[in-house]
Amino acid sequence: MVWAMIVATALVTLALRFSFLGTLKPRAIPERFRVMLNYVPPAVFAAIVLPQVLTREGTLYAGLDNPRLVAALVAIVVARLTRSILWTIVAGMLALWVAQWGLA
Amino acid sequence: MRAMTPPLVGVVPFGLVTGVVSTAAGLSPLETMVMAIATFSGIVHIVSAQLYAAGAPLVVIVATVAVLSLRLVIYSAGLAPWLAHLPLRWKLVVAYFLTDHAYALSIVEFTHHPDRGNRHWYIAGGGAISWVVWLVAVGAGIVVGAQVPPAWGLDFTFALTFLALLMVVLHDRPGVAAAVVGGIAAILAFHLPLKLGLIVAALTGIAAGTAWRAMEVRWFGR
């Protein structure tokens, strides 16, 4: 049920934030683990984004007739140029609406 | 206050996105607000809500969230030496407020002004400000999400947010390998039972990045 999910995810998140802060003596992260942690953000962000851009209802949809793919390509350019989350969202959504309605 | 302004500009759209996507995933306004307060993390909030809506078992949701949030361990370890003197209850308060931008601001402040005391107030004060901004933005997102028809595809703002973040974190070849492998794995693993696809893809991508880095070290010695 939904409340159990909320409590459980909140506790996990707090536990991760508290992990090293909570230890009695300051400890360094083991080197091997630290190297691994470097690749969490790119792996996680790509794993979240790619299925939403390249699939529809679970099947691959990678042609330029896919409005979300077109919007993502525009968003990548804007993200590279501006390094701004806000402008990336604005440009990506405008591109999505143009691609799905403007060209229909 | 001044140090907080630029990061808060990024907090507002992500808070809106969180409110919109949480609503789209079927959480009520009350559930969304409680979850925003309880997790104080947009990525945890959105991914959990979506997995829950897709019928994933609780253990899969928890495990996925744990892998997604592993970066919080880096932040925790980074701040720990600066805050070792604090009593446990203050460490819990700091831990609750430990977000990406709180970490980024604090570590700069602490290393540039190592002589200043009251470091916990720096995090708690900044955290309280961003907490208020975050919850107002999530609340606004709930309202927007309830008004705007699904055909507008506002849920896509979640993918766009992380696309922007992905562009920022891609700065070396092992990272690119982690992203490419993680992204492809997420598509291939989409139909795994129990909604295990995301956690499997994330772990595969992390393994790819780590392996690439190990090869670089072995072959080029750097």
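Considering region B:110-222, the qualifying helices (runs of 4 or more DSSP H), each wholly inside and each with 2 or more residues that are among the aromatic types (Phe, Trp, Tyr) and under 17 Å from the mean Cα position of the chain (by Cα), run over B:119-147, B:156-169. Residues being touching a residue at least 40 places away in the same chain (Cβ under 8 Å) and at the interface with chain A (Cβ under 10 Å from one of its Cβ atoms) are represented in region B:146-156 by at least one member. Would it be correct to say that residue A:28 is out of contact with any Pro (no Cβ under 8 Å at 6 or more places or on another chain), more than 19 Å from residue B:174 (Cα to Cα), outside any helix (DSSP H, G or I) and of a type in the set (Gly, Ala, Ser)? Taking the combined requirement at face value, the residue satisfies it.
Hey, does region A:48-56 have a residue that's more than 7 Å from every other protein chain (Cβ to nearest Cβ), out of contact with any helix residue (DSSP H, G or I) (no Cβ under 6 Å at 6 or more places or on another chain), not in a strand (DSSP E or B) and not small (Gly, Ala, Ser)? Looking through region A:48-56, none of the residues is more than 7 Å from every other protein chain (Cβ to nearest Cβ), out of contact with any helix residue (DSSP H, G or I) (no Cβ under 6 Å at 6 or more places or on another chain), not in a strand (DSSP E or B) and not small (Gly, Ala, Ser).
Before we move on, is residue A:68 modelled with pLDDT under 95 and either in a helix (DSSP H, G or I) or more than 7 Å from chain B (Cβ to nearest Cβ) (or both)? No: the conditions fail for residue A:68. Among the residues of this structure, residue B:46 counts as one that is under 11 Å from the mean Cα position of the chain (by Cα), more than 8 Å from every other protein chain (Cβ to nearest Cβ) and not small (Gly, Ala, Ser). Being more than 8 Å from chain B (Cβ to nearest Cβ), under 21 Å from residue A:45 (Cα atoms) and either surrounded by fewer than 19 Cβ atoms within 10 Å (Cβ to Cβ) or of a type in the set (Ser, Thr, Tyr) (or both) is the filter here; which residues of region A:75-104 pass it? Of everything in region A:75-104, those that are more than 8 Å from chain B (Cβ to nearest Cβ), under 21 Å from residue A:45 (Cα atoms) and either surrounded by fewer than 19 Cβ atoms within 10 Å (Cβ to Cβ) or of a type in the set (Ser, Thr, Tyr) (or both) turn out to be A:77, A:81, A:82, A:87, A:90. Candidates are the residues of region B:26-41 that are free of Cβ contacts under 8 Å to residues at least 40 places away in the same chain and under 18 Å from the mean Cα position of the chain (by Cα); the one that is surrounded by the fewest Cβ atoms within 10 Å (Cβ to Cβ) is B:34. Within region B:74-91, does at least one residue satisfy the condition of being closer than 17 Å to residue A:48 by Cβ, hydrophobic (A, V, I, L, M, F, W, C), more than 7 Å from every other protein chain (Cβ to nearest Cβ) and surrounded by 15 or more Cβ atoms within 10 Å (Cβ to Cβ)? Scanning region B:74-91 turns up no residue that is closer than 17 Å to residue A:48 by Cβ, hydrophobic (A, V, I, L, M, F, W, C), more than 7 Å from every other protein chain (Cβ to nearest Cβ) and surrounded by 15 or more Cβ atoms within 10 Å (Cβ to Cβ).
Okay, residues lined up against (1) closer than 28 Å to residue B:56 by Cβ; (2) surrounded by 17 or more Cβ atoms within 10 Å (Cβ to Cβ); (3) within 7 Å of another protein chain (Cβ to nearest Cβ); (4) modelled with pLDDT of 95 or more:
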position: B:166; (1), (2), (3), (4): yes, yes, yes, no
position: B:177; (1), (2), (3), (4): yes, yes, no, yes
position: B:183; (1), (2), (3), (4): yes, yes, yes, yes
position: B:197; (1), (2), (3), (4): yes, yes, no, no
position: B:201; (1), (2), (3), (4): yes, yes, yes, yes
position: B:209; (1), (2), (3), (4): yes, yes, yes, yes
position: B:219; (1), (2), (3), (4): no, no, no, no
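The values are calculated or read from the model by the stated rules, or taken from the named source; none is laboratory data. Note that the structure is a prediction, hence the values are computed from the model and not measured. Note: ideal-geometry Cβ built from the backbone for every residue, glycine included; neighbour counts use all protein chains shown.
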